[in-house]
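A quick write-up on the structure given underneath.
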Amino acid sequence: MGQGLLASCYHREGDALACEGVPLRRIADALGTPTYVYSAASIRSQYAELAAALAPLGAHLHYSVKANSNLAILSLLRSLGAGVDIVSGGELHRALVAGFDGRQIVFSGVGKTRAELAAAVAARVRSVNVESEGELRLVQAVAAEQGAVVAVALRVNPNVPVDTPHPYTRTGEHGMKFGIPHERIVPAARDARGMPNVQLVGLAAHVGSQITDMVPYETAADVLLALRRAIEAEQLARISVLDLGGGLAVPYDDEERPDLAAYTSALRRVAEEPGVELLVEPGRFLVAESGVLLTRVLYRKRSGGQEIVITDAGMNDLIRPSLYASHHRIEVVERHGGDPIHANVVGPVCESGDFFARNRAMIDAAPGDLLALRTVGAYGYVMASNYNSRPRPAEVLVDGDRFGVVTERESYEDLARRERTTPRWMES
Ligand SMILES: *Cc1c(COP(=O)(O)O)cnc(C)c1O
């Protein structure tokens, strides 16, 4: 299910690219460029497809907020029934503003501060996914201060190699900063048992992102199940939640869609274990395909035999191509019989790394033409910066025939709002 619906979220009406019932041209005319556009129908469709696949497993779906933390998107996913997975105090704040209850929140992250943990304990989050022995001790101290007992899951580094498109999206191998090495999990559970304000309830693993081969999920699930048995054999804790993290891939070009049947069959061994609840934390899968970045061509030039298309969006707006060598399809929003060309599509930022595509086959685009960079709904706007003092773009949600701003475009005043020409000198 879902595929037909998903395809229709972005479609051509004649020569013009539209998002659901709204031609992208109308959004650019009303709000300018660069602008991120998200299709609500796409998010609903991806959520429905995944929720249906997971329903027989009784799994709990916690959306990974870092993929796209816009309040309107959080609110949409909340209305669909999702919980959230957060990695910072800022994401906790957003989740609470979007209406999530603490019981719908799990808190991951390798470097949580005392203040972040205190806020999470105060919000009564469902669990803190602890990534080191030091963090476990800090959770105990913070919970004791508040007279609370905090549910904790230990994040396991399962030492599972995964084949993701870029090394920066691998997280589950030894020597990486994430999680507690699996051979130290049982000792950590012994530590937790001596902590009166910590209740160890779960084990978690997140092996990486943009995963298409489901074997790493099977391996991670087996590691968690074995550790659960070891912990329960020593009667250190009752482990009732196993969290398999996120990582499901989406197609950025013409790759296959992830095989959800293979995904759920990899997870079934967890769901079938008596007394265990399965939890998953998808991010990219739910939102990536919902988004496009609308940008206008400013200039064309030729250099060294290379066609160059210069857009009004830059790496500060979308850093994925420079950071991960990611591929994003680029479409001319209104085709008017342009010839095919091979071009470098680049932004205005003063860096050679400021590109969206190199030597890309595309329809010729002239200054003034609108382009849509596809599949930017995840890890797009959330990674935007103000480099080169460029205000961050607006974000727009489309729902049927309507579109509405969900983040205003930054202004020049916004850029300098927290700065001073003379320092606010501190007493020494
Ligand atoms: C980033 C992250 C996710 C989501 O990953 P996706 O690849 O976007 O699905 C889930 N869990 C944790 C702990 C993460 O850090």
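The values are calculated or read from the model by the stated rules, or taken from the named source; none is laboratory data. Quick caveat: nothing in here was measured; it's all calculated off a predicted structure. Cβ: placed from backbone, ideal geometry, glycine included. Neighbour counts: every protein chain shown. Calculation scope for accessible area: heavy atoms of the full protein, side chains included, ligands and nucleic acids excluded. Shrake-Rupley method; radii C 1.70, N 1.55, O 1.52, S 1.80 Å.
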Subject >> Residues of region 263-283 satisfying the condition of being within 16 Å of the ligand (Cβ to nearest atom) and farther than 15 Å from residue 51 by Cα >> reply: 266, 270
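Do we have residue 192 as at negative phi, open to solvent by 10 Å² or more (accessible area, probe 1.4 Å), touching a residue at least 12 places away in the same chain (Cβ under 8 Å) and more than 23 Å from the chain's Cα centre (by Cα) here?
Details: at negative phi: yes; open to solvent by 10 Å² or more (accessible area, probe 1.4 Å): no; touching a residue at least 12 places away in the same chain (Cβ under 8 Å): yes; more than 23 Å from the chain's Cα centre (by Cα): yes.
For residue 192, the condition - at negative phi, open to solvent by 10 Å² or more (accessible area, probe 1.4 Å), touching a residue at least 12 places away in the same chain (Cβ under 8 Å) and more than 23 Å from the chain's Cα centre (by Cα) - is not met.
Return a yes/no flag: does region 72-87 have any residue that is assigned to a helix (DSSP H, G or I) and under 24 Å from residue 272 (Cα atoms). Step through it out loud before you land on a result.
Just the residues of region 72-87 that are assigned to a helix (DSSP H, G or I), to begin with: 72-80.
Keeping just the survivors that are under 24 Å from residue 272 (Cα atoms) gives none.
Taking every residue of region 72-87 in turn, none turns out to be assigned to a helix (DSSP H, G or I) and under 24 Å from residue 272 (Cα atoms).
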Original post:
Looking at region 159-175, is at least one residue surrounded by 17 or more Cβ atoms within 10 Å (Cβ to Cβ) and at pLDDT 95 or above?
Top reply: no
**OP:** Could you check, for region 201-208, whether at least one of its residues is β-branched (Val, Ile, Thr) and within 16 Å of the ligand (Cβ to nearest atom)?
**Re:** yes
**OP:** All but one of (1) part of a loop (DSSP other than H, G, I, E, B); (2) β-branched (Val, Ile, Thr); (3) surrounded by fewer than 23 Cβ atoms within 10 Å (Cβ to Cβ) hold for residue 239, so report the exception by its number.
**Re:** (3)
**OP:** Specify which of the listed residues (175, 202, 208, 179) is over 20 Å from the mean Cα position of the chain (by Cα) and either of a type in the set (Phe, Trp, Tyr) or at positive phi (or both).
**Re:** 175
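Taking region 366-424 on its own, how many of its residues are assigned to a loop (DSSP other than H, G, I, E, B) and crowded, with 20+ Cβ neighbours inside 10 Å? Even if it seems obvious, please write down each step before you answer.
So in region 366-424, the residues assigned to a loop (DSSP other than H, G, I, E, B) come out as 366-369, 375-380, 384-386, 390-393, 400-401, 408-411, 417-424.
So of that shortlist, the ones also crowded, with 20+ Cβ neighbours inside 10 Å come out as 369, 375-380, 384, 390, 393.
Of the residues in that region, 10 qualify.
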Original post:
Counting just the residues of region 9-51 that are open to solvent by 10 Å² or more (accessible area, probe 1.4 Å) and aliphatic (A, V, I, L, M), which one comes out farthest from residue 337 (Cα to Cα)?
Top reply: 51
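Within region 77-113, work out how many residues are of a type in the set (Val, Ile, Thr) and surrounded by fewer than 18 Cβ atoms within 10 Å (Cβ to Cβ).
From region 77-113, those of a type in the set (Val, Ile, Thr) are 84, 86-87, 97, 105-106, 110, 113; that's our starting set.
Next, from what is left, pick out any that are surrounded by fewer than 18 Cβ atoms within 10 Å (Cβ to Cβ): 97, 110, 113.
Residues flagged as of a type in the set (Val, Ile, Thr) and surrounded by fewer than 18 Cβ atoms within 10 Å (Cβ to Cβ) within region 77-113 amount to 3.
Collect the residues in region 25-41 that are basic (Lys, Arg) and on the phi > 0 side of the Ramachandran plot, keeping them in residue-number order. Let's see the steps before the verdict.
Filtering region 25-41 for residues basic (Lys, Arg) gives 25-26.
Across region 25-41, there are no qualifying residues.
Please verify whether region 73-85 includes one or more residues that are of a type outside the set (A, V, I, L, M, F, W, C), within 16 Å of the ligand (Cβ to nearest atom) and under 19 Å from the mean Cα position of the chain (by Cα). If you could, list the steps in order and put the result at the bottom.
Kept after step one, since they are of a type outside the set (A, V, I, L, M, F, W, C), are these residues of region 73-85: 75, 78-79, 81, 83, 85.
Within this subset, residues satisfying the condition of being within 16 Å of the ligand (Cβ to nearest atom) are 83, 85.
Restricting the remaining residues to those that are under 19 Å from the mean Cα position of the chain (by Cα) gives 83, 85.
Taking every residue of region 73-85 in turn, at least one turns out to be of a type outside the set (A, V, I, L, M, F, W, C), within 16 Å of the ligand (Cβ to nearest atom) and under 19 Å from the mean Cα position of the chain (by Cα).
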Original post:
Within region 285-338, how many residues turn out to be in a loop (DSSP other than H, G, I, E, B), under 21 Å from residue 363 (Cβ atoms), in contact with an Asp or Glu (Cβ under 8 Å, 6 or more places away or on another chain) and open to solvent by less than 10 Å² (accessible area, probe 1.4 Å)?
Top reply: 1
Original post:
For residue 217, which of the numbered conditions (1) of a type in the set (Ser, Thr, Tyr); (2) part of a loop (DSSP other than H, G, I, E, B); (3) within 20 Å of residue 279 (Cα to Cα) fails to hold?
Top reply: (2)
Original post:
Right, residue 253: open to solvent by 60 Å² or more (accessible area, probe 1.4 Å) and part of a loop (DSSP other than H, G, I, E, B) or not?
Top reply: yes
Subject >> Residues located in region 102-141, provided they are out of contact with any strand residue (DSSP E or B) (no Cβ under 7 Å at 6 or more places or on another chain), in a loop (DSSP other than H, G, I, E, B) and within 20 Å of residue 245 (Cα to Cα) >> reply: 109, 110, 111, 112
Original post:
Would you pick out the residues in region 116-139 that are buried (at least 19 other Cβ atoms within 10 Å of the Cβ) and not small (Gly, Ala, Ser)?
Top reply: 116, 117, 121, 125, 126, 128, 129, 130, 131, 135, 136, 139
